[in-house]
Amino acid sequence: MNDGFGHEVPPRHAQQTHRQVSRYCVVIDAADGPRARLLLADRTPVAEFDAGTEEVTELIKTARASTGATGPEWDRALAGHTPAQRAAATVYELDV
């Protein structure tokens, strides 16, 4: 008799490396309205969603904000946006 009581016992949990923590939240205008983009510390995009959600409010509530993402470090992450959109973007540095 096994300890599964007729059900298969699940396998042991395998430890894996977790994804890095998002470091930046960029709120930027887009054709369909403002978008929030989450980025890693090296500015690799992780997620993009509507900036009007309450989750964005919670994320940026204690974050430091700055205006503009025009530097070369943002070129790859914000490649689909115009220079005007990038200049007006608000960049939040998230608490880690």
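The values are calculated or read from the model by the stated rules, or taken from the named source; none is laboratory data. As the structure is a computational prediction, the values presented were derived from the model and not from experiment. Cβ: placed from backbone, ideal geometry, glycine included. Neighbour counts: every protein chain shown. Quick note on the areas: whole protein, heavy atoms, side chains included, nothing else; ligands and nucleic acids left out. Shrake-Rupley method; radii C 1.70, N 1.55, O 1.52, S 1.80 Å.
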Checklist entry - Taking Cα atoms of segment 6-73, Rg/Rh with Kirkwood Rh, to two decimals? => result 1.19
Checklist entry - Taking the alpha-carbon centroid of each part, what is the distance from segment 34-48 to segment 52-96 in angstrom? => result 8 Å
Checklist entry - How big is the Kirkwood radius of segment 42-81, worked out from every pair of different alpha carbons and given in Å to one decimal? => result 12.0 Å
Checklist entry - Which ³J(HN,Hα) values, rounded to whole Hz and listed in residue order, are derived for segment 35-51 from phi using the Karplus coefficients 6.51, -1.76 and 1.60 in 6.51 cos²θ - 1.76 cosθ + 1.60 with θ = phi - 60°, glycine and proline given as x? => result 10, 9, 10, 8, 9, 6, 4, 8, 6, 7, x, 10, 7, 9, 7, 4, 6
Checklist entry - In deg cm²/dmol and to the nearest 500, what is the mean residue ellipticity at 222 nm of the chain if only DSSP H runs of at least 4 residues count, each as -39500 (n - 2.57), divided by the residue total? => result -3000 deg cm²/dmol
Checklist outcome for this item: Once both label points are put 7 Å beyond Cα along the C-beta direction, the Thr53-Ala84 separation in nm becomes 2.8 nm
Checklist entry - Per the 1.4 Å probe, what fraction of the accessible area of the chain, in percent, lies on carbon and sulfur atoms? => result 51 percent
